[in-house]
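So the structure is just underneath, and the comments pick up after that.
Please treat every number below as a calculation from the coordinates, not as lab data. The structure presented is a predicted model; accordingly, all values stated were derived computationally and were not measured. Every residue, glycine among them, receives a Cβ derived from its backbone with ideal geometry; neighbour counts consider all protein chains shown.
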Amino acid sequence: MCRNHYQQWRLSTPKDQRPPARPGASRLSIDERFWQRVQKGGSDECWPWLGAHGGYGHGMFWFSAERKRESAHAIALELATGIRRPAGMYCCHRCDNPPCCNPAHLYYGTPRQNGADMVGRARNPRGVGKHNALLSEAQVVEIRTRYFAGETAAALAAEFGIRPGHLSNITRGRMWKYAGGPVGIKRVPKLSQAQRAEMRARRAAGASAKELAAVYGISPSYARNLTRRAA
């Protein structure tokens, strides 16, 4: 039977009803099962994992029913040193090759060490280095400068082809943190009673909320709400 049917049969059949193992049949140890899936080379070479792979190119190995699947490179270091990966630690590569299972290329490190290693080897693209970047650094600086000079978020978002929420993250410094330009929260200017009355008059004369927002340096929704209120 195929592997899937065997697993279904095994899970649905009590142990005392399963047939005995074939005479002479041997069960491979964890070490044997693991290393037969590793292409070993020289002591300084990478040893690629030949089995299944998971996220980020790391190999995956079924350790046991209790521990289930784990990263192959972490198991390689555990089998070589006899030390299981401590809680909260990562198994890091010195060779920067995710499938590598050579214990000489591996070490246990903290999340901070792993992050510093990633930055040091330029494995964390940012800005225009990302495949889905919509803006350049110069455009980000221009957006921030123009936004804090008085232009509305809606107008800038439409001009640069991004969502208003995306633009808000840029102007507040949540995205493109390393780029230049002013960041923060732009306070809505306080309008005098005379300005509010003038806005309502212009609105009644046919001016749109978008036009009023551009004149008074506020958002269209704020202009719309002000003109709806009683003086």
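Summary of computed values
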{"read-out": "Estimated FRET transfer efficiency when R0 is 22 angstrom, pair Ala158-Lys190 (beta carbons, to 0.05)", "value": "0.25"}
{"read-out": "Over the chain, relative contact order from alpha-carbon pairs under 8 Å, at least 6 apart, %", "value": "10 percent"}
{"read-out": "Relative exposure of Glu151, Glu78, judged by other C-beta atoms within 10 Å (fewest first)", "value": "Glu151, Glu78"}
{"read-out": "Coarse-grained scattering of the chain at q = 0.08, 0.09 Å⁻¹, given as base-10 log I(q)/I(0) from a Debye sum over alpha-carbon atoms", "value": "-0.60, -0.67"}
{"read-out": "Directionally averaged shadow of the range 29-120, computed from the convex hull of its alpha-carbon atoms, nm²", "value": "5.9 nm²"}
{"read-out": "Karplus-derived 3J(HN,Hα), 6.51/-1.76/1.60, for each residue of the range 65-79, Hz, glycine and proline x", "value": "5, 7, 8, 6, 7, 9, 5, 5, 5, 5, 5, 4, 5, 5, 5"}
{"read-out": "Sites Arg10 and Gln39, calculated FRET efficiency, Cβ-Cβ separation with R0 30 Å, nearest 0.05", "value": "0.50"}
{"read-out": "Positive-pole candidate from Ala157, Ala87, Thr227, dipole of the chain, charges at beta carbon", "value": "Thr227"}
{"read-out": "Over 17 Å [Cα-Cα, the range 131-171], rounded percent", "value": "16 percent"}
{"read-out": "Unit charges at the beta carbon, dipole of the chain: most positive-side option, Tyr178, Cys100, Ser192", "value": "Ser192"}
{"read-out": "Residue exposure sequence - Asp44, Asp117 - by fewest surrounding Cβ within 10 Å", "value": "Asp44, Asp117"}
{"read-out": "Proxy reagent accessibility, fewest Cβ within 10 Å first, across Thr227, Thr171", "value": "Thr227, Thr171"}
{"read-out": "The range 84-90 - phi-based ³J(HN,Hα) in whole Hz, Karplus 6.51/-1.76/1.60, Gly and Pro as x", "value": "6, 4, x, 4, x, 10, 10"}
{"read-out": "Amide proton proximity set for Leu106, modelled H, under 5 Å, gap of 5+", "value": "Arg94"}
{"read-out": "Nitroxide proxy distance, nm - points 7 Å out along Cα→Cβ at Val119 and Glu211", "value": "5.1 nm"}
